[in-house]
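Chemist: What follows is a structure written as structure tokens; I'll ask about it next.
Every number here is computed from the coordinates shown, using simple stated rules; none is lab data. Note that the structure is a prediction, hence the values are computed from the model and not measured. Virtual Cβ from ideal backbone geometry, glycine too; neighbours counted across all protein chains shown.
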Amino acid sequence: MDNERSPLGADFIPGLDLSRILYEEAVRPVLDSAYPGLRYAAARVGTGSEVLGFDTARSADHEWGPRLNLFLAPEDAAEHGGELRRLLAERLPKHVHGWPTHFRLADPEVPIGQMELTEGAVDHRVSVDDLGSWLRTRLGVDAASAEGPTVRDWLAMPQQRLAEVTGGAVFHDGPGAPDAARAPSATGAAGTLGAVRARLAWYPDQVWRYLLACQWQRISQEEALVGRCAEVGDDLGSAVVAARLVRDLMRLCLLLERTYAPYGKWLGSAFGRLAVADALKPSLAGALAATQYPVRERHLCDAYEYVAGLQNATGLADPVDPARRPYHSRPFQVLHAERFAQALAATVTDPELRGLPLTGGVDQWADSTDFLGLGGPRRAAVDALARTVTRSP
């Protein structure tokens with residue numbers, strides 16, 4: 001497929017715009033005709049670069065195109081889901097604005113679809129689910145329940161998954177609510193898509209403070225290793241540790257600006273949208289590019305001090321001196337980031353969080369994409385850490 005055009009020669013359209021067109025011009029007329037009065041939400045959420053707003057023409061080579069999520073009440077999904085999928089396969093147009101609605105599996109061994117024109121029924125990408133089941137699959141938690149996520153639920157939900165649920169766009173959210181996308185918090189019952197997205201938009205205050213403390217703790221564990229590696233002649237090791245610290249600083253900035261961190265492919269793109277990005281990028285890039293330890297250390301310390309100032313400016317904890325300093329008696333300059341971790345931890349009053357070690361949410365200590373996709377093991381690991389009490393209440 002041409003990187004810039006569809007099989008019909010259409011110019012690239014951002015995926016969320018294409019999803020809106022699919023809903024308004026193709027799916028909604030079918031629903032209005034065949035299922036008048038059906039309660040549903042229509043959105044583009046879940047997996048896909050377009051949900052995070054990072055899609056480009058390159059994205060069109062796999063599982064990108066006219067896609068939509070339909071959410072029904074559980075009883076309606078059970079009764080009408082299969083028939084609705086079949087009906088859409090028969091009635092959807094072969095393309096919308098020049099982009100095919102049919103997806104062909106390019107390789108029988110790999111369930112990844114590519115857009116292709118077809119003469120018969122289309123193998124479309126309009127999913128039909130009940131919201132609670134979909135949330136349990138994506139997050140491991142039914143966030144549509146009246147109780148909402150618990151503390152451990154929050155810690156077991158990867159930020160990438162939270163970004164997938166709270167990103168994207170909502171085009172319709174229940175009967176008579178076409179403006180739900182503009183006012184998702186005003187959609188009524190706690191189980192509606194807009195209300196769930198509003199509930200999950202960011203961490204509860206106590207969870208946020210705990211995660212910030214844990215992110216500073218991560219930095220404290222390795223900030224002196226950059227110098228120690230260099231001291232023994234391991235410049236490659238020093239550079240690798242520096243790169244890890246740059247990544248941790250980027251994720252810390254996302255936390256500070258109340259933005260869920262996506263997985264590795266889009267971490268830099270998400271960071272680039274932050275208010276802090278332009279000021280901090282030179283130091284982070286300098287630390288990565290440095291070939292000599294003193295230069296690497298200087299850039300890292302510049303970044304530490306800047307982010308420490310941002311932390312102090314939040315007012316979440318008592319201010320901590322943001323200046324660099326020696327690492328005990330060794331000739332390495334560091335921030336001693338544990339000071340910020342301790343200051344933030346002191347503001348955590350939730351009894352369950354206060355009893356936890358400063359390990360944080362699941363994606364602060366695990367970065368295997370395969371593991372983070374397994375809801376049961378994620379929750380089991382979080383529960384196991386909760387039984388390992390290392391802090392005093």
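Chemist: Sorting check: for 313-319, 158-164, which peptide has the highest mean count of neighbouring beta carbons within 10 Å, and how do the rest follow?
Modeler: Descending mean neighbour count gives 158-164, 313-319.
Chemist: Further question: Report ³J(HN,Hα) in whole Hz for each residue of region 323-329, in order, from the Karplus equation J = 6.51 cos²θ - 1.76 cosθ + 1.60 where θ = phi - 60°; Gly and Pro get x.
Modeler: 7, 5, 7, x, 8, 6, 8
Chemist: Also: Among Tyr210, Ala345, Pro29, whose Cα sits farthest toward the positive end of the charge dipole of the chain (+1 at Cβ of Lys/Arg, -1 at Cβ of Asp/Glu, about the Cα centre)?
Modeler: Ala345
Chemist: Compute the relative contact order of the chain as a whole-number percentage, counting only Cα pairs closer than 8 Å that sit 6 or more residues apart in sequence.
Modeler: That works out to 15 percent.
Chemist: Right, something else. Only bridges whose two residues both fall in region 15-199 count here: according to DSSP, what percent of them are antiparallel, nearest 5?
Modeler: 70
Chemist: Applying the Karplus parametrisation 6.51 cos²θ - 1.76 cosθ + 1.60 with θ = phi - 60° to the phi angles of region 211-219, what ³J(HN,Hα) value in whole Hz is obtained for each residue in order, glycine and proline being reported as x?
Modeler: Ordered by residue, 3J(HN,Hα) equals 5, 4, 4, 5, 5, 5, 4, 4, 5 Hz.
Chemist: What number, rounded to the nearest 500 deg cm²/dmol, is the helix-based mean residue ellipticity at 222 nm of the chain, given -39500 (n - 2.57) per DSSP H run of at least four residues and division by all its residues?
Modeler: Rounded to the nearest 500, it is -14000 deg cm²/dmol.
Chemist: Assuming a viscosity of 1.306 mPa s and a temperature of 10 °C, what translational diffusion coefficient in µm² per second does Stokes-Einstein assign to the chain, Rh being the Kirkwood radius over Cα pairs?
Modeler: D, rounded to a whole number, is 69 µm²/s.
Chemist: Rounded to whole Å and sorted largest first, list the principal axis extents of the Cα atoms in region 5-78.
Modeler: The Cα atoms of region 5-78 stretch 39, 23, 16 Å along their principal axes.
Chemist: Size of the dipole of region 199-245 about the Cα centre, Lys and Arg at +1 and Asp and Glu at -1 on the beta carbon, nothing else charged, in debye to 20?
Modeler: With Lys and Arg at +1 and Asp and Glu at -1, about 360 debye.
Chemist: Report, in debye and to the nearest 20, how large the dipole of the chain comes out about its Cα centre when Lys and Arg carry +1 and Asp and Glu carry -1 on their Cβ.
Modeler: The calculated dipole for the chain is roughly 940 debye.
Chemist: Based on the Cβ-Cβ distance from Gln221 to Thr388, what FRET efficiency comes out when R0 is 22 Å, to the nearest 0.05?
Modeler: 0.85
Chemist: May I ask you to derive the FRET efficiency for Arg354 and Leu288 from their Cβ-Cβ distance with R0 = 25 Å, giving the value to the nearest 0.05?
Modeler: 0.10
Chemist: For the ranges 239-246, 141-148, what's the packing order if you count other beta-carbon atoms within 10 Å of each residue, average per peptide, and put the highest first?
Modeler: The peptides rank, most packed first, as 239-246, 141-148.
Chemist: Compactness ratio of region 251-390: Cα Rg over 2.2 N^0.38 Å, N = residue count?
Modeler: Against the empirical 2.2 N^0.38 Å value, I get 1.18 for region 251-390.
Chemist: Can you tell which of His124, Ala43, Gly81 lies farthest toward the positive end of the dipole of region 15-199, using +1 and -1 charges on the Cβ of basic and acidic side chains (Lys, Arg; Asp, Glu)?
Modeler: Ala43
Chemist: What nm value, rounded to one decimal, do you get for the distance between Arg91 and Ala277 when each label is placed 7 Å out toward the C-beta?
Modeler: So the two model labels end up 4.2 nm from each other.
Chemist: Also: Name the residues whose placed amide hydrogens come within less than 5 Å of the amide hydrogen of Asp130, ignoring near sequence neighbours (fewer than 5 apart) on the same chain.
Modeler: When sequence neighbours closer than 5 places are left aside, the close amide H contacts are Leu72.
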